1. Could you look through segment 224-246, keep only residues that are surrounded by 19 or more Cβ atoms within 10 Å (Cβ to Cβ) and not hydrophobic (A, V, I, L, M, F, W, C), and pick out the one that is farthest from ALA44 (Cα to Cα)?
2. Quick one: which of ALA12, ALA44, ALA20 is at pLDDT 90 or above, outside the structural domain of SER254 (by TED's automatic domain parsing) and either surrounded by 11 or more Cβ atoms within 10 Å (Cβ to Cβ) or of a type in the set (Gly, Ala, Ser) (or both)?
3. Please go through segment 147-194 and pick out each residue that is of a type in the set (Phe, Trp, Tyr) and closer than 11 Å to GLY99 by Cα.
4. Please indicate, with yes or no, whether at least one residue in segment 108-118 is touching a Lys or Arg at 6+ places or on another chain (Cβ under 7 Å) and either touching a residue at least 12 places away in the same chain (Cβ under 8 Å) or over 23 Å from LYS188 (Cα atoms) (or both).
5. Let me confirm something: among ASP143, ASP134, which residue is at pLDDT 90 or above and in contact with a Gly (Cβ under 8 Å, 6 or more places away or on another chain)?
6. Going by what's in this entry, would ALA170 be described as in the same structural domain as ALA101 (by TED's automatic domain parsing) and at pLDDT below 90?
7. Could you tell me whether PHE107 is in contact with a Leu (Cβ under 8 Å, 6 or more places away or on another chain) and assigned by TED's automatic domain parsing to the domain that holds LYS82?
8. If I filter segment 180-188 for residues that are assigned by TED's automatic domain parsing to the domain that holds LEU259, surrounded by 20 or more Cβ atoms within 10 Å (Cβ to Cβ) and part of a helix (DSSP H, G or I), do I get at least one hit?
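The values are calculated or read from the model by the stated rules, or taken from the named source; none is laboratory data. What you see is a predicted model; the values in this text were computed from it and never measured. Note that each Cβ is placed from the backbone with ideal geometry, even for glycine, and that neighbours are counted across all protein chains shown.
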Amino acid sequence: MFPTPIEKASPANQMLYKIALPVALLIWLVPLLGVVMTAVRGSADITAGNLWGVPSEWQAIQNLTDVFTNTPMFMFILNSFKITIPTVIGAVALSCMTGFALAIYRFKGNLLIFFLFVAGNFIPFQILMIPVRDLTFQIGLYDTVTGLAMFHIAFQTGFCTLFMRNFIRALPYELIEAARIDGASEFKIFWAVVLPLIRPAIAALCVLIFTFIWNDYFWATVLIQGQHAMPVTAGLKSLNGQWISAYHLISAGSIMAALPPVIIFFLMQRHFITGLTFGASKG
């Protein structure tokens, strides 16, 4: 049922694994290495076709300086935080409450409501482009940070509810019954009993949602038109010149744009792994 550990595999399979792993890792890292190499070279090297060779001059600091001084890169990053942080807080807070209700309470239509949350995750988001765009026009939230953040909260709550409902359902129901016998209110049970127990799951979900929203490009281009509200993923395209593509600036900006999710992951790595493995074993 489960894959055989590599230590117990045949010598031929172990040798194949040792050869295939570095090759696969190299293939995966080639695009990232290309971005890094482009970010540290000047435009003259790119024009001359020197894309993978040793740069004729190292301009990493100059490229980063140009990105933040000659382009609205700082505003784009600030917009991404304005969109991502409220989305994480809103989606996780709503999903904790909906997950608690669907996992703890037994009422008619419980499964139907849960299936609606699950079904929403299978809707191709491309088909929502036109109705969502028209809706933001009608309510006056098109081309605003608020509109994009509210959409992400609504769209991510379905996945977050599925995530949190399953974690809360794995908790011993006897804890809920014991708290009720002691006279605790339902809000007290949710706040003092359930939330502390699912803290690793909340941390894991925050990392996932932060990464999803920060890296979003599709909805940033659909719902945002001007640079005043554009997040960093969509704002990178403005680093191009009018007549030429400034690949060295785009690469430097891409590296800076990729740093916040990486930093968040390493800061929350222990909680993230704990949350993903929460309930995987007993005893």
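1. Within segment 224-246, the first condition is being surrounded by 19 or more Cβ atoms within 10 Å (Cβ to Cβ), and the residues that meet it are 224, 229-236, 239, 246.
So of that shortlist, the ones also not hydrophobic (A, V, I, L, M, F, W, C) come out as 231, 233, 235.
Details: PRO231: 29, THR233: 26, GLY235: 24 Å.
Filtering first and then ranking leaves PRO231.
2. ALA20
3. From segment 147-194, those of a type in the set (Phe, Trp, Tyr) are 151, 155, 159, 163, 167, 173, 187, 190-191; that's our starting set.
Hits for segment 147-194 are PHE159, PHE163, PHE167, PHE190.
4. yes
5. So the residue among ASP143, ASP134 that is at pLDDT 90 or above and in contact with a Gly (Cβ under 8 Å, 6 or more places away or on another chain) is ASP143.
6. Working: in the same structural domain as ALA101 (by TED's automatic domain parsing): yes; at pLDDT below 90: yes.
Taking the combined requirement at face value, the residue satisfies it.
7. When the stated conditions are applied, PHE107 does not pass them.
8. So the first thing to find is which residues in segment 180-188 are assigned by TED's automatic domain parsing to the domain that holds LEU259, and the list is 180-188.
Remaining after also requiring surrounded by 20 or more Cβ atoms within 10 Å (Cβ to Cβ): none.
No, segment 180-188 contains no residue that is assigned by TED's automatic domain parsing to the domain that holds LEU259, surrounded by 20 or more Cβ atoms within 10 Å (Cβ to Cβ) and part of a helix (DSSP H, G or I).
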